[in-house]
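Each remark here refers to the structure printed beneath this line.
Nothing in this text is a laboratory measurement; each read-out follows from the coordinates by a stated rule. In this text the structure is predicted, and so the values were computed from the model without any measurement. Backbone-built Cβ (ideal geometry, glycine too); neighbour counts: all protein chains shown.
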Amino acid sequence: MSIYIFTFIIGSIFASFIHVYVTRLLRNESIVSPRSHCTNCNHTLEWYELIPIVSYIIQGGRCRKCSKKIGIDSLLLEVLTGLLFVFVYYRYGFTYDTLIGFVLVLVMMSIFLSDFKEMIILDSTLVVGTILIYLLTYLNLGYRGIYKSFMYGVFGFVLLFVVKILGDAFFKRESLGGGDIKLAFLMGSVLPYDLFLIAMVIGSFTAFPYALFISITKKTNELAFGPFLALGLLVAFLFKSNILAFLELLIS
């Protein structure tokens, strides 16, 4: 039980950093300085005001100095990331797949924040995520593993790029953003061809209810598709053995 508690804490700590990182980059601010502070009264936060989950609960979701309400998104991010870290460890134990799963969770959370808020997938998220994945792949499988991951990544990138071209021509407007296509390279770097396609299907099906909702409530067809692609990626990665077994059963 202690390892799961420790994993949850580590996940929530990383989530706290992800929230600061995404929020500051969306404001064109440095992620290094100044120190974490209240955006209303500029009160510099002490270490005990930065403890993931705990500080938010103790302070009642408000700044300790000016009592301005703090958005609940940071709390939700920390809790959800911690729980996903625990589930990744539950699925894969102490393996390289667990470390890759942790990276994918953090990439997904970063994309959730930036794409839902500003319809942007930060390049730095994809670059750092991809580098970490290739580093872990090399440590686990060597150059041969990197070559396979790169070829799968190219497949994903090219496939979604073709989909974008066809979609732009059909809808007479931009159908997919550049960030979605770059994300497809990261997805392919983690998943083989069949699982990549499954991840795309999962992403599309989960995006459909949301697309229907915003088209009715907000009268717009613009959709942040990145979070759903990232969700499809994580689901396909976490349940890859189950999915492959099911596909094999269908084919046989």
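Compute the acute angle (0 to 90°) between the alpha-carbon long axis of helix 178-190 and the principal axis of greatest extent of the alpha-carbon atoms of the chain; round to the nearest 10°. Taking the Cα atoms of the chain, the angle to 178-190 is about 70 degrees.
Only Lys, Arg, Asp and Glu count, each charged at its Cβ (+1, +1, -1, -1), so figure out the dipole size of the range 1-70 about its Cα centre, rounded to 20 debye. Dipole magnitude for the range 1-70 comes out near 280 debye.
Report the net charge of residues surrounding Met200, where surrounding means a beta-carbon distance below 14 angstrom and charges are Lys +1, Arg +1, Asp -1, Glu -1. Write down the numbers at each step before the final one.
Values: positive: Lys164; negative: Asp180, Asp194.
Spelling it out: positives minus negatives among the neighbours equals -1.
With the highest mean first, a sort of the peptides 9-16, 153-160 on other beta-carbon atoms found within 10 angstrom per residue produces 9-16, 153-160. Once divided by 2.2 N^0.38 Å, the Cα radius of gyration of the range 155-210 becomes 1.12. Using the charge dipole of the range 161-212 (Lys, Arg: +1 at Cβ; Asp, Glu: -1 at Cβ; taken about the Cα centre), state which of Leu186, Leu166, Ala199 has its Cα farthest towards the positive end. Final value for the positive-end residue is Leu166. Distances between every pair of Cα atoms in the chain, grouped in 5 Å steps from 0 to the bin holding the largest one, split as 1, 6, 11, 16, 17, 16, 13, 10, 6, 3, 1, 0, 0, 0 percent. Projecting the Cα atoms of Ala211, Ile3, Phe102 onto the charge dipole of the chain (Cβ charges, centred on the Cα centre) puts Ala211 farthest toward the positive pole. Over the chain, dividing the summed -39,500 (n - 2.57) contributions of all DSSP H runs of at least 4 residues by the number of residues returns a 222 nm mean residue ellipticity of -25500 deg cm²/dmol. For the range 69-205, averaging the sequence separation of C-alpha pairs within contact (under 8 Å, six or more residues apart) and dividing by the residue count gives a relative contact order of 21 percent. Determine the distance separating the Cα centre of the range 152-194 from the Cα centre of the range 37-83; give it in Å without decimals. That distance is 37 Å.
Rounded to the nearest 10 degrees, the angle from helix 226-238 to the longest Cα principal axis of the chain is 70 degrees.
Output the relative contact order of the chain, whole-number percent, from Cα pairs under 8 angstrom with separation of 6+ residues.
On the way: 286 pairs, mean separation 43.8, N = 252.
After rounding, I find 17 percent.
Taking a straight Cα-Cα cut-off under 13 Å and skipping sequence neighbours fewer than 8 places away in the same chain, the aspartates and glutamates within cross-link reach of Lys65 are Glu46, Glu49.
Quick check for me: using +1 on Lys/Arg Cβ and -1 on Asp/Glu Cβ, what's the dipole size of the chain about its Cα centre, in debye to the nearest 20?
480 debye
Are any of the pairs Lys148/Lys240; Lys148/Lys182; Lys68/Lys218; Lys117/Lys182 more than 21 Å apart by Cα-Cα distance, and if so, which? Each step should come with its number before you reach the end.
Values: Lys148/Lys240 17 Å; Lys148/Lys182 18 Å; Lys68/Lys218 29 Å; Lys117/Lys182 19 Å.
Violating the 21 Å Cα-Cα cut-off are Lys68/Lys218.
The residues packed around Cys63, meaning those with a beta-carbon under 10 Å from its beta-carbon, carry a net charge of +4 if Lys and Arg are +1 and Asp and Glu are -1. Relative to the dominant Cα principal axis of the chain, helix 2-26 is inclined by about 90°.
Just to confirm a number: summing +1 for Lys and Arg and -1 for Asp and Glu over residues other than Val235 whose beta-carbon lies under 15 angstrom from that of Val235, what do you get?
Numbers: positive: Arg91, Lys240; negative: Asp97, Asp194.
The answer is 0.
Here the extension length gained between Phe170 and Val154 equals 3.3 nm, from 0.36 nm per residue of separation less the Cα-Cα distance. Rounded to the nearest Hz, the phi-derived 3J(HN,Hα) couplings of the range 194-204 under the Karplus curve 6.51 cos²θ - 1.76 cosθ + 1.60 (θ = phi - 60°) are 5, 5, 4, 5, 4, 4, 5, 5, 4, x, 5, where x marks glycine and proline. Annotation: amide H-H contacts under 5 Å for Arg62 (H modelled 1.01 Å from N, sequence separation of 5 or more, or interchain): Ile70.
From Cα pairs below 8 angstrom and at least 6 apart in sequence, can you work out the relative contact order of the range 1-88, rounded to a whole percent?
Numbers: 79 pairs, mean separation 39.5, N = 88.
Relative contact order, the range 1-88: 45 percent.
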